[in-house]
Amino acid sequence: MTKVFETTAKNGVIVLPKDVPSPARCLVAVLDADIEALRREAATTISASTQERMSELLLKNREGQLSEQERAELDALAQQFDAATLAKGRALSILAQLDGTPPSA
């Protein structure tokens, strides 16, 4: 069972609470967001219109019909999609570790 607690770091050293046994294994996740922010990030989706536009551009790309402007747009959408996917996966993974359950999409 995973035990979750808040603690502090002093001079780069994480100080564990006194009730944590010394031989205990410890996974430390330094969160840059609170739990609710992680839950919002885990629930994030790409809008239907953005997904539709990306599908259109991908189809045109397969057919070799993308303009330079459309190629730049597709690259930007792909970067946005990748960043959102990575952030969502990270949030799901951290939440799963905190809850002691396997991550799910």
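The values are calculated or read from the model by the stated rules, or taken from the named source; none is laboratory data. Bear in mind the structure is a predicted one, so any value in this text is a computation, not a measurement. Neighbour counts are summed over all protein chains in view; Cβ atoms, including those assigned to glycine, are modelled from backbone coordinates with ideal geometry.
Side notes on the structure shown:
- Screening LYS60, LYS88 for residues that are modelled with pLDDT of 70 or more, in contact with a Ser or Thr (Cβ under 6 Å, 6 or more places away or on another chain) and either surrounded by 10 or more Cβ atoms within 10 Å (Cβ to Cβ) or among the β-branched types (Val, Ile, Thr) (or both) leaves exactly one candidate, LYS88.
- Output for region 58-96, where each listed residue is over 25 Å from the mean Cα position of the chain (by Cα) and of a type outside the set (D, E, K, R): LEU59, ASN61, GLY64, GLN65, LEU66, SER67, GLN69
- Pairs linking a residue in region 71-96 that is among the polar types (S, T, N, Q) to a residue that is surrounded by 13 or more Cβ atoms within 10 Å (Cβ to Cβ) and in a helix (DSSP H, G or I), with Cβ atoms under 8 Å and 6 or more positions apart or on different chains, are GLN80/THR50.
- The single residue among SER49, SER55 that is at pLDDT 70 or above, exposed (fewer than 10 other Cβ atoms within 10 Å of the Cβ) and part of a helix (DSSP H, G or I) turns out to be SER49.
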